[in-house]
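Encoded as structure tokens, the structure appears first; notes follow it.
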Amino acid sequence: MFKLNDIKELIKLVDQTSVQELEIENEGTRLHIRKPGKTEVVNVQSAPAPHTYMPAPQASAPQHVPAQQEPAEPAAAPSQQLHSIVSPMVGTFYRSPSPDAAPFVKAGDRVDEKKVVCILEAMKLMNELEAEVNGEIVEILAENGQLVEFGQPLFLVKPE
């Protein structure tokens with residue numbers, strides 16, 4: 001359940017950024033905030049939540065770094081028609097579901113539109129980001145644990 005102070009903070013955050021719409025699920029409650037001209041709470045409803053990732057309690061900032069970093073892949077040729085998967089929110093980019101788990105995807109992997117490619121953490125809520133397109137991951141543009149902005153390209157995908 002969302003607390004009133006949390007909802008107010010989210011509305012303030014949406015209002016101060018270029019984010020136009022935000023939808024969050026927490027403990028079976030869904031919050032949807034949309035900013036047509038001014039920020040307004042559109043819908044809050046309880047429903048069974050699908051599997052979500054909850055961060056483990058930590059005394060300091062999360063350290064989510066896998067044991068080995070992959071070498072950066074070379075950028076794709078500019079003549080290719082590539083699809084950018086962009087961040088729908090401001091948050092922390094994570095390539096895997098936990099520090100000791102394998103990344104969701106790596107360069108060269110084939111994905112479909114429902115394939116989870118990363119997690120974006122915003123206000124201690126873990127949000128899975130799906131590929132949106134069928135194709136092959138050409139390049140990963142964000143570093144694990146990096147703060148990303150709304151609209152920032154995270155992946156380049158060669159569509160099928």
Discussion item. For the range 105-128, check the following and say yes or no: at least one residue is more than 27 Å from residue 20 (Cα to Cα) and under 15 Å from the mean Cα position of the chain (by Cα).
Written reply: yes
Worksheet item: Any chance the range 79-90 includes a residue that's modelled with pLDDT under 50 and either of a type outside the set (Phe, Trp, Tyr) or outside the structural domain of residue 135 (by TED's automatic domain parsing) (or both)?
Response: yes
Practice prompt. Please list, ordered by first then second residue, the pairs with beta carbon atoms under 8 Å, 6 or more apart or interchain, first in the range 127-149 and in the same structural domain as residue 95 (by TED's automatic domain parsing), second surrounded by fewer than 19 Cβ atoms within 10 Å (Cβ to Cβ) and among the aromatic types (Phe, Trp, Tyr).
Written response: 128/53
Practice prompt. Taking the options 27, 40, name whichever one is loosely packed, with under 15 Cβ neighbours inside 10 Å and modelled with pLDDT under 50.
Written response: 40
Worksheet item: What are the residues in the range 1-20 that are outside any loop (DSSP other than H, G, I, E, B) and not acidic (Asp, Glu), if any?
Response: 4, 5, 7, 8, 10, 11, 12, 13, 14, 16
Worksheet item: Which one is surrounded by the fewest Cβ atoms within 10 Å (Cβ to Cβ), of the residues in the range 101-155 that are over 29 Å from residue 27 (Cβ atoms) and basic (Lys, Arg)?
Response: 106
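The values are calculated or read from the model by the stated rules, or taken from the named source; none is laboratory data. Given the structure is predicted, the values throughout are model-derived calculations rather than measurements. Here Cβ is always computed from backbone atoms with ideal geometry, including for glycine, and neighbour counts include all displayed protein chains.
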